Amino acid sequence: MIGKIFITRSGYDPQLGKHVKDPYLGPRPTLGACRPDIRRLLQQGDHIFVISGKVPDVNQFVMGGFEVGCKIHACEAFRMFPDQRLHKLEDGQLAGNIIVDGRGRQHKLDNHNSFERRIENYVVGTNLISLTTTDEIAEGRRQTLDALRDILQKRGMSPIEVVGRWGTKLTEKQVLQLREWLEALKRISKYASN
């Protein structure tokens, strides 16, 4: 088992920024359009963790992580996960991470290059752990940088200085430490809110 941790694009933050459409950290987590390099590298049983994008005057946080359950083609994902097909939200933001249409062609809302490379290895996850409540996110913002420094044994004044522009590979030990830290953070937040 290995893992990968990476930062979403600048401005993407589920609480204080743009809508994070990929990865999807809902009941059935997925990574479908972004980071084809990570999707190709990781295998069943490996783990993916994601950090919110940079938003001015706000600490970034580890939004969550999940285990790779399986990898499928985007056309299969289109049939299995209709709620993850690309669409616009009421506020005009893009949502969903399935970039094909019903005919298997590039969806009209997907304006990225390298379509053929991006439709392979749609990751369907399992064993999701994510920070979702206001208290969990606040605690995550407070603890993330120190936790990343400690777990990854790297110095840096921001998450990007610790994990790098393209993310960082994780050992099995680091995957387990990240999961344990997130679980502890959720427990602390639940206890504090009671």
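Rounded to whole numbers, the Karplus 3J(HN,Hα) couplings from phi for the range 79-84 are 6, 7, 10, x, 6, 9 Hz, using 6.51 cos²θ - 1.76 cosθ + 1.60 with θ = phi - 60°, and x at Gly and Pro.
Panel note: the C-alpha atoms of the chain, placed on their principal axes, show extents of 48, 37, 31 Å (largest first). In this Cβ point-charge picture (+1 for Lys and Arg, -1 for Asp and Glu), the range 15-152 has a dipole of about 540 debye about its Cα centre. Against the chain, whose longest principal axis is taken from its Cα atoms, helix 172-193 shows a tilt of about 70°.
Within straight-line reach of LYS71, meaning a Cα separation under 22 Å, sit the following lysines at least 8 residues removed in sequence or on another chain: LYS4, LYS21, LYS169. Amide H contacts for TYR12 (H built 1.01 Å from N in the peptide plane; partners 5 or more residues away or on another chain; cut-off under 5 Å): LYS18, GLY53, LYS54. Bridges between two residues of the chain, per DSSP, are antiparallel at a rate of about 75%. Relative to the longest principal axis of the Cα atoms of the chain, helix 134-152 runs at roughly 80 degrees. For GLU76, GLU161, GLU67, the ranking by accessible surface with the largest value first comes to GLU161, GLU76, GLU67, using a 1.4 Å probe. Can you give me the Cα centroid spacing of the range 141-194 and the range 27-61 in angstrom? First find each Cα centre; the distance between them is then 14 Å. Each residue of the range 64-78 was assigned a 3J(HN,Hα) from its phi angle through the Karplus expression (A = 6.51, B = -1.76, C = 1.60, θ = phi - 60°), giving x, x, 7, 8, 6, x, 6, 10, 9, 7, 4, 5, 5, 4, 4 Hz with x at Gly and Pro. Length gained on full extension, ALA192 to CYS70, computed as 0.36 nm times the residue gap minus the Cα-Cα distance: 40.3 nm. For the range 45-53, the Karplus equation 6.51 cos²θ - 1.76 cosθ + 1.60, evaluated at θ = phi - 60°, returns couplings of x, 7, 10, 10, 10, 9, 10, 4, x Hz by residue, with Gly and Pro reported as x. With helices as the sole contributors, the chain gives -9500 deg cm²/dmol at 222 nm; each DSSP H run of n ≥ 4 counts as -39500 (n - 2.57), and the sum is divided by every residue. Within the shell defined by Cβ-Cβ distances under 9 Å, the residues around LEU86 carry a net charge of +2, with Lys and Arg each +1 and Asp and Glu each -1. Considering only alpha-carbon pairs that sit under 8 angstrom and 6 or more positions apart, the relative contact order computed for the chain is 28 percent. Fully extending the segment from LEU176 to LYS108, taken as 0.36 nm per residue of separation minus the present Cα-Cα distance, adds 20.5 nm.
With a ≥ b ≥ c taken as the square roots of the eigenvalues of the C-alpha gyration tensor of the range 140-191, please select rounded if a/c is under 1.5 and otherwise prolate if a/b is larger than b/c or oblate if it is not? Oblate. Average accessible surface for the chain: 53 Å² per residue, computed with a 1.4 Å probe over protein heavy atoms with every protein chain in place. Counting only Cα atoms, the range 75-169 measures 47, 29, 28 Å along its principal axes, largest extent leading.
The values are calculated or read from the model by the stated rules, or taken from the named source; none is laboratory data. Please read all numbers here as calculations on a predicted model, not as lab measurements. Neighbour counts are summed over all protein chains in view; Cβ atoms, including those assigned to glycine, are modelled from backbone coordinates with ideal geometry. SASA here: full protein model, heavy atoms, side chains in, ligands and nucleic acids out. Shrake-Rupley method; radii C 1.70, N 1.55, O 1.52, S 1.80 Å.
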